[in-house]
Amino acid sequence: MRVLVDLDCRGQLMQSIELRLKEWSNCYRSKHAHQLSWPLNGTTFYLGRSNHRLHWFILMQPQNANAFKWHENPAKRASQVEAGCKQSALEKEHAEALFLYIKELFKHPELSGSGFDQEMSFTNMNSTLQLNHRAWVTFQRLFMEMFAEGFYSDPLGEEPATWWDNYKPAFACYDYGQDEPLDPPMGIDMMEWISEELDRHFDSANIASICVAIAQNFNYDSEIPDVRQPSNGFGNMGILMECKHVESLFETPRERRALSLYRLGLQGRYCNWQSSRPPTALANLFQELNGYLAEVNGSRHEIANMGHVQGYSMIKQVVRHDPMDFKIAKGMYTGALGYPISKTLDRVAFMREKDKVWKKVGLSAEREERPLNLTRKCLQTAADTGRIGFRIEGVICVKMSRLRQENRNFHYICDEVLLPYLTWWASKGGGLDIVDGLVVFPKSDFPGILITWTRILELLMGRFIATYLRFGGLTVLEAEIVANTERAAVFVLTGDVRLV
């Protein structure tokens, strides 16, 4: 993203975008935010999404962004990033000013026929607007042109000009994950194919930085008995990584502080993992790569880096595609069974809220499937369909604005950054050393242990639901046991020690 320029997303990737201005306060996701040089607090305005999982934001970039000092401790820096993302939405008065500016834009002759509801107000934004690709690109261009011409004062007339002088807009596009296999047509070079695909989608001239998540999938099946060989198919054996091996990959204290292990199924030896810093060998690769890129491009600053890295069981793709899908983590049992069935509290608002929560755990007439039961079925589906391999995924970020003008294109990035990374994965002393820690299990062991624990906790929760319905509520002790059972279920499935 570059300030005061449009971020063209070519029509091959998106045919239209749905403007959802009423959701302006949606927060920016934190996965790539650690690459920014400033915290996101009060800087984003959510615009909407395209038909290909692309989510669009206006990001107000501070002019003194590089002056911000992040905490040196990786864990505390990660907390700063996460806190900034949770509070990324603009202050209400700034958001209202930006809304009025957008509303004014749609009076422009090039956009006036797009169907924008001029009767809409900031406090009553109920409608959505479908823009075709041409109108969307026109909107971006006009937004930046008119802003550069003088949108430095608050249209409400209630704020001094300083805030708009100090912050300039950039379009930010976040792809929530296409999970597209790198599988070029036969006879086509992979790097050539990737660069052409990116060129079809985006205008590299208007991009300041780009982050790409590249994943390696590992499956164990009769066709590929070597679990270390990447495979996009399915397997008949579960795979996790050995904890001690993961820890050995992070050699320095600073790297280890950035590492989190998630031991699944109440066992201590095997895990999923994630880190805000790459393993030592990968960090060394990018150090060498940056030395070369800096010399060729005449830059004194880092150009490419490896950010967030994680390894996880691919059952996650079946259990949840998004955190909102993981209903067991939402505290629904604790909330539902905490409501008394007393008729003395039958206020309309109270009953409406109670019915809403009851529905989530299958207690109302219009009931949904209970979270534990739903999770167990998803785990069983993963086991039955062979989606029980392991994925190692890293986020590569490239500061395109630091490249020489002639190198600011996707062909250069693919050849000079992505190709060395993918080659490293196939080398001894590189990626092969990382995947040596993969351990294969019969399906009855993994994810079998998760299915068994989920069933046990499901039966236990069923006993408390029966008690709740029979006696019209739970005692304080029983309510505490329900809350702890729910937390235990999430811990079994995620291994997240913050829950205990």
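Some values worked out for this structure:
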item: Residue satisfying all of: in the range 316-348; under 15 Å from Val490 (Cβ atoms), modelled with pLDDT of 70 or more and not aliphatic (A, V, I, L, M); surrounded by the most Cβ atoms within 10 Å (Cβ to Cβ) among these; result: Tyr333
item: Selected residue (only one of Arg254, Arg263, Arg300, Arg269 is basic (Lys, Arg) and touching a strand residue (DSSP E or B) at 6+ places or on another chain (Cβ under 6 Å)); result: Arg263
item: Condition check for Leu403: open to solvent by less than 70 Å² (accessible area, probe 1.4 Å), touching a helix residue (DSSP H, G or I) at 6+ places or on another chain (Cβ under 6 Å), at pLDDT 75 or above and farther than 30 Å from Glu192 by Cα; result: no
item: Subset of the range 114-141 [over 19 Å from Arg49 (Cα atoms) and either β-branched (Val, Ile, Thr) or open to solvent by less than 70 Å² (accessible area, probe 1.4 Å) (or both)]; result: Gln118, Met120, Ser121, Phe122, Thr123
item: Filtered residues of the range 266-284 (kept if in contact with a helix residue (DSSP H, G or I) (Cβ under 6 Å, 6 or more places away or on another chain), buried (at least 21 other Cβ atoms within 10 Å of the Cβ) and touching a residue at least 60 places away in the same chain (Cβ under 8 Å)); result: Cys271, Arg277, Pro279
item: Single condition Ala382 does not satisfy, out of (1) at pLDDT below 75; (2) open to solvent by less than 70 Å² (accessible area, probe 1.4 Å); (3) assigned to a helix (DSSP H, G or I); result: (1)
item: The range 9-52: number of residues that are part of a strand (DSSP E or B), farther than 19 Å from Thr138 by Cβ and modelled with pLDDT under 85; result: 0
item: Counted residues, the range 443-456 - those being in contact (Cβ under 8 Å) with a residue 12 or more places away in the chain and either open to solvent by 70 Å² or more (accessible area, probe 1.4 Å) or assigned to a helix (DSSP H, G or I) (or both); result: 9
item: Matching entry among Ser248, Ser260 (being farther than 19 Å from Asn217 by Cα, open to solvent by 60 Å² or more (accessible area, probe 1.4 Å) and of a type in the set (Gly, Ala, Ser)); result: Ser248
item: Failed condition for Met351, given (1) modelled with pLDDT under 90; (2) out of contact with any Leu (no Cβ under 9 Å at 6 or more places or on another chain); (3) over 30 Å from Gln216 (Cα atoms); (4) surrounded by fewer than 20 Cβ atoms within 10 Å (Cβ to Cβ); result: (2)
item: Among the residues listed as Glu255, Glu295, the single one being open to solvent by less than 50 Å² (accessible area, probe 1.4 Å), modelled with pLDDT of 85 or more and charged (D, E, K, R); result: Glu255
item: Every residue from the range 163-220 that is open to solvent by 50 Å² or more (accessible area, probe 1.4 Å), polar (S, T, N, Q) and touching a Lys or Arg at 6+ places or on another chain (Cβ under 8 Å); result: Gln178
item: Hey, Leu459 farther than 14 Å from Gly338 by Cα, of a type in the set (A, V, I, L, M, F, W, C) and open to solvent by 50 Å² or more (accessible area, probe 1.4 Å) or not; result: yes
item: Flag if Leu438 is touching a residue at least 24 places away in the same chain (Cβ under 8 Å), farther than 28 Å from Thr280 by Cβ and crowded, with 17+ Cβ neighbours inside 10 Å; result: no
item: Test set (1) within 30 Å of Lys69 (Cα to Cα); (2) within 25 Å of the chain's Cα centre (by Cα); (3) open to solvent by 10 Å² or more (accessible area, probe 1.4 Å) - Glu93 fails condition number; result: (2)
item: Flag if Leu419 is part of a helix (DSSP H, G or I) and within 26 Å of Val309 (Cα to Cα); result: yes
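The values are calculated or read from the model by the stated rules, or taken from the named source; none is laboratory data. Predicted model, so just to flag it, every value in this text is computed and none were measured. Methodologically, a virtual Cβ is constructed for each residue, glycine included, from the backbone with ideal geometry; neighbour enumeration extends over all protein chains shown. These accessible areas exclude ligands, DNA and RNA; they are computed on the full protein's heavy atoms, side chains included. Shrake-Rupley method; radii C 1.70, N 1.55, O 1.52, S 1.80 Å.
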